[in-house]
Amino acid sequence: MVSHSKRWFALALLCLTGFMIILDASIVLVAVPSIERELTFSTGGVQWVPSGYALMFGGLLLLGGRISDLLGRRRVFMTGLVLFAASSLLCGFAWSGDALVLARGLQGAAAAVLAPSALSIVMTTFPSGPDRNKALGIWGATSGVGGTAGSLVGGPVTDGLGWQWIFFINVPVCVLVVALAPVLLLDSRGPGRRGFDVAGAVTVTAALIVLVYAVIEAPEASVSRTVLLLLLAAALFVLFVVVEKRSAAPLVPLRIFRSRALVGGNLITISWGLAAFGLNFVYTQYAQLALGASAIRYGLMSAVLAASAVVASMVGQHLVTRVGPRRVAFVSLVVAGVGTTLMTQLTVTSGYFELAFWGLTIFGAGLGAGTVAGSIASLSDAAGEDAGVASGLQNASFQIGGAVGVAAVSAMATASTSGTTPIALTHGYRVAFAGVWVFLAIGFAGCALIKQVLEIHGAKSGHLTSVVATSARRPPAKEAPCSSSD
């Protein structure tokens, strides 16, 4: 066992890694206009830069957790760090749009290994009780800050050093953590010797990639081509279900979808991933391309959304324990819809405090409370043996929703834009903002599935109220004994 003081140093190291992983999902949105100006992309192709990371992260997250359980969490954690550093270097040195998209996909795959192994180490470093609860709270808060800090950090880095440095800054962090990991971190493995469901991971990730590709290409492609791509994506999803039914160690045991709370909670989570990533992507395009704002200015303009979300997440967590996640989620979706409606009224002459400030603030309030409610709802009915899978699925849902959301709003904006003037661009962005309402409607469908009696029971479970939806984490189904090599 590790000493009491050493545990907290280990936690700091793991939280630094978690912060970096989540930051990389959001910081790139600030740099997208600069990247598009310097590299060559096909129409709408630049959206693969944020989507490629989120797709690989979400699609491979459950497989990454299984790998860390079976091969040793510290070993896999350190390997993931090396891969993350190498892919970050490839991103920074990318010589074309295609090279950057490929490197971002590799970076997302590395994150899918890092995130669950880091959280598993937290779980095995701290014994069950107050210290573990405190550690998980710190982990969740740090990851949450990483998700909201991208606009503030990305602006100065992009304008001051160049967009390449939003990737280069990962390298010294990875080197530091790799150097200290053998000294501070325990190694452990999960119980049992179940195999890897590689076929399941490959089919579901392939299905998601084809789906996103179909959405991106829709404005320029023929109807028949788009329909064929959508049918191919559907066929791959069906194949994934067949694989999961026949697998001895499936990534996602299909029995868990019998829970209305789990299905409803994940629909709410997907809705927030779609809406949050989608609205952020459109706003950075509007601010930097239509208004001509610098990356720093955009970061300051959008910071209000992050601040509002952080405050609302704390309020939402408090409310969920009293009225249940369904009511909190429903009201939060309505609030976010009001903010979205304000964003649809933006013009090239709109003053910041006239519309954007209020739209972002109100949307952020809905996002903060709603993600907490969706997260708790998705875990409220999970049995002990399925807790790890349910948590991983919930986090994957948010990332996958984000990838599809960026693709969808990009396609909406492209299809609705008839020129390159600020007025023409803004018209397309307004249509894309309106499309966010469609994403929120998915969340309302999720609310309808959740039974109020069940959700209140789940909300009163003390361990569930510490879940933060913005953190990418997958606690192991059971705590495994630690094997220290210190």
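Observations
- Label corresponding to P(r) over Cα pairs in 20 Å bins from 0, in percent when calculated from the structure given, among (i) 24, 55, 20, 1; (ii) 26, 60, 14, 0; (iii) 20, 49, 25, 6, 1, 0: (ii)
- Computed [θ] at 222 nm, deg cm²/dmol, the chain (DSSP H ≥ 4; -39,500 (n - 2.57); rounded to nearest 500): -26000 deg cm²/dmol
- Net charge over other residues, Cβ less than 9 angstrom from the Cβ of Asp187 (K, R count +1; D, E count -1): +4
- Local electrostatic count at Leu333 - Lys and Arg +1, Asp and Glu -1, tallied over other residues with Cβ under 12 Å: +2
- Residues Thr426, Thr269, Thr347, arranged from fewest to most other Cβ atoms within 10 angstrom of their Cβ, appear as Thr347, Thr426, Thr269.
- Among the trypsin sites (Lys or Arg not before Pro) in the range 164-218, those placed in a DSSP loop whose Cβ has at most 12 other Cβ atoms within 10 Å are Arg193.
Each reported figure results from applying straightforward, stated rules to the coordinates on display, with no laboratory input. As the structure is a computational prediction, the values presented were derived from the model and not from experiment. With ideal geometry, Cβ positions are generated from the backbone for all residues, glycine too; neighbour counts draw on all protein chains shown.
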